[in-house]
Amino acid sequence: MTGTKFHTNLIIAARIALAVAVFTVTSLAARAADSARTQLDEQCLACHSAEGLEMKLGDGGKLALQVDGAAFAKSVHSKIGCAVCHANTSFENHPPVKKKIASGREYSLGMNKVCANCHAPAVKLYEGSIHASLIRDGNSWAPSCTDCHSPHAVMAGATYNPAKGTPCSKCHDAVFTAYSGSVHGKATLACSNCHRAHDVGSPTAGDQVKNACLGCHEDAQDKHQKWLPNAKRHFDAVSCPACHSPQAKRKVDLRLYDNLAQQSVMEKAGVPQFESRARSADKKGAGLDAMALHSLLREFNRDVGDSKTTLRGRLEVSSGVEAHQLAPSTLAIRDCAKCHQQGADPFQSVTVSIVGPDGRPVRYGAQPEVLNSIISVDSLSGFYAIGGTRIKLLDWLLALAVMGGIGVPMGHMTIRWLFRKYAKKITGQADS
Ligand code: HEC
Ligand code: HEC
Ligand code: HEC
Ligand code: HEC
Ligand code: HEC
Ligand code: HEC
Ligand code: HEC
Ligand code: HEC
Ligand code: HEC
């Protein structure tokens, strides 16, 4: 907390205390027993504990002005008092008969700025979250501080009840319901154990969640490596729920990736291009085919001079609900053929994506053939999923890898080199 700000706020509070002395307060004596509240707070509550007290808003709605004094007295902020947060409540013109408030949301967002005076670290984390960027984009459902911490009954962070999914479940109820029956729901982990509370990131676009998993299951990679060749590569290319939610539908997402900058390609702020470019490349409207995908990539490459935009494949579950249905590991998918077999299910549903302005991926449908096409090989950065695609030559590599006959990375390089030659030739023709 910033000491000087706090100090200034106290001075403001003292000034208000002087001004408020002109108020005639009747119920002071009756409330004096509530020692957690100051005299000034009692004065505010003399009016604001009244049921039905409200004011009209610009959008035609009403702002309820009743504050639960008993809950406030128990809250972490009881010692601060009303006037520190409501420092702009001047008693010279309070009640503010002429004050115009457009909407409850606008009022709430404006008032939320006050938290920064004392909780700079939490605010800083929150500012980088997906929720904050949704609000900056005008989303009217994403949470600000007081949507998770009720403004007048803020309790210690530790009092949230993971079994009830608070404070997340009131907005993400479908996810919460799915989650409750999962291994973690039963072990009453909190949502924030995987997503964090303030700097909630996009679970599908970055490594935040995967790193959280590996933070608790430290030896997971070693344990998988015992039966899964190149477990690290699988962890990069297959999301954990894709194997651990055995009932889920699976799909493949191909992300635009900048090989020079070594990061996902982001939509440029203010000028989203991905969807319009994809739509104009997808002339038949049936989803991007290999040629369309190729020309889409070419456009993104042309933008950024010498950058090299490629695709990174990721096998994942097809919905957020399914991502939370993790079952005991005895039920997890272990059968290589679920993925490494011609025509394997997960490869029948394909999207191409870019990181959107709010941090979440923006997706566009593609035809499954893009995974098999020789035209895509060069831009797919090695996402062949041996056997899963129709590139038959790769099947023997799987067999060898399983038998430990050759070093997997070496096999990988060879294949890459082999196909590059063909791919260059064909895409060269396609470009002209
Ligand atoms: C004499 C009764 C009375 C007292 C005392 C009083 N209020 Fe109010 N307050 C009101 C009324 C009435 C309104 C609604 C005014 C309107 O309809 O325009 C209001 C509106 C508000 C609002 C919403 C509008 C705004 O200005 O943001 C806040 C916040 C508020 N009061 C806080 C306080 C605080 C904090 C105190 C103590 C420091 C306090 N009030 C003391 C009667 C009172
Ligand atoms: C920790 C800061 C903080 C303290 C302390 C605080 N408030 Fe508030 N108050 C807020 C915020 C933030 C809002 C905006 C409401 C929202 O975001 O939903 C608000 C809103 C209000 C409103 C408008 C109606 C509403 O609930 O939205 C009233 C009236 C009000 N406060 C009165 C009080 C009174 C009376 C006290 C003392 C008993 C008090 N506040 C203490 C932060 C505070
Ligand atoms: C999406 C819900 C959510 C939002 C939005 C949110 N918080 Fe929290 N906050 C939590 C949860 C949950 C905890 C409990 C700690 C945990 O689970 O990590 C918490 C804990 C805290 C704590 C206790 C210590 C700490 O830093 O962890 C403070 C202080 C805090 N929040 C302030 C804020 C402020 C200020 C804002 C607005 C910038 C805010 N919170 C926005 C959910 C939220
Ligand atoms: C004037 C300073 C001040 C302001 C403004 C303020 N707080 Fe606090 N807050 C405190 C203090 C002091 C504590 C108690 C810290 C403690 O007990 O360690 C606290 C505690 C908290 C906690 C519990 C921390 C924990 O360790 O579990 C949360 C959550 C919290 N505040 C959220 C908010 C939110 C949300 C806002 C804005 C609506 C806000 N605060 C505004 C001073 C402030
Ligand atoms: C006041 C409502 C609200 C609360 C409370 C809330 N969220 Fe959200 N959250 C949203 C909205 C709205 C979105 C935008 C996406 C959507 O519509 O589902 C979102 C998006 C997300 C996303 C990104 C989703 C994606 O598609 O990539 C995650 C992760 C998330 N929230 C986690 C949490 C967690 C964890 C908590 C509790 C600590 C929480 N949320 C609390 C409203 C809320
Ligand atoms: C054990 C870790 C874990 C916990 C605990 C957890 N999640 Fe998730 N969450 C995930 C994973 C994994 C994904 C999907 C990421 C991916 O595709 O790889 C996800 C995705 C999400 C999404 C995005 C959904 C979408 O449509 O893309 C939201 C929203 C979300 N979680 C909210 C929550 C909420 C709310 C809770 C608490 C009820 C919660 N999560 C608990 C791991 C977790
Ligand atoms: C290719 C499918 C697959 C992927 C991808 C996968 N798992 Fe597993 N996982 C399994 C199977 C199968 C088992 C059961 C192995 C056994 O019983 O010998 C298992 C076991 C586990 C276990 C219990 C054994 C232990 O390590 O204590 C944990 C925890 C686990 N996985 C976490 C993860 C995490 C975290 C990820 C993502 C980073 C992940 N898994 C990715 C298939 C997978
Ligand atoms: C905060 C710590 C924590 C995080 C983060 C976490 N887990 Fe767990 N996980 C647990 C606990 C506790 C259990 C239940 C006890 C147990 O079986 O080990 C569990 C159980 C499991 C199991 C079942 C193990 C079995 O033997 O049946 C799997 C699989 C698993 N977790 C995978 C994941 C995945 C995938 C993620 C990330 C999406 C994740 N965990 C994130 C703590 C965590
Ligand atoms: C849930 C789907 C899935 C399952 C189950 C699965 N894999 Fe994979 N595997 C993949 C994907 C996707 C890739 C592609 C990784 C890449 O190229 O980026 C891959 C890559 C590989 C590779 C190449 C690794 C490299 O270094 O390029 C081998 C070898 C492999 N898998 C063997 C196996 C074996 C053996 C099993 C069973 C024990 C198995 N996989 C189970 C999805 C799966």
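The values are calculated or read from the model by the stated rules, or taken from the named source; none is laboratory data. Keep in mind it's a predicted model, so treat the numbers as computed, not measured. Neighbour counts run over all protein chains shown; Cβ positions are idealised from the backbone, glycine included. All accessible areas refer to the heavy atoms of the entire protein, side chains included, with ligands and DNA or RNA removed. Shrake-Rupley method; radii C 1.70, N 1.55, O 1.52, S 1.80 Å.
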Over segment 172-247, average the accessible area per residue using a 1.4 Å probe and give it in Å², no decimals.
58
Efficiency of FRET from Cβ geometry, SER295 and LEU109, R₀ 41 Å, rounded to 0.05:
0.45
If you roll a 1.4 Å probe over segment 134-231 with all protein chains in place, what percent of the accessible area is carbon or sulfur?
59
Simple SL model, points at 7 angstrom along Cα→Cβ for LYS283 and ASP236; separation in nm is 3.6
Potential extension, VAL271-GLU92 segment - 0.36 nm per residue separation minus Cα distance
59.7 nm
Relative contact order %, segment 176-327, counting alpha carbon pairs below 8 Å whose residues are six or more apart:
36
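Calculate, for ASP222 and SER264, the FRET efficiency according to 1/(1 + (r/R0)^6) with r their C-beta to C-beta distance and R0 25 Å; round to the nearest 0.05.
0.35
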Which peptide among 42-53, 231-242 comes first, and what is the full order, when sorted by highest mean count of other Cβ atoms within 10 Å?
231-242, 42-53
Give the shape of segment 118-184 as rounded, prolate or oblate, defined through the alpha-carbon gyration tensor: a ≥ b ≥ c are the square roots of its eigenvalues, a/c under 1.5 means rounded, and otherwise the shape is prolate if a/b is larger than b/c and oblate if not.
oblate
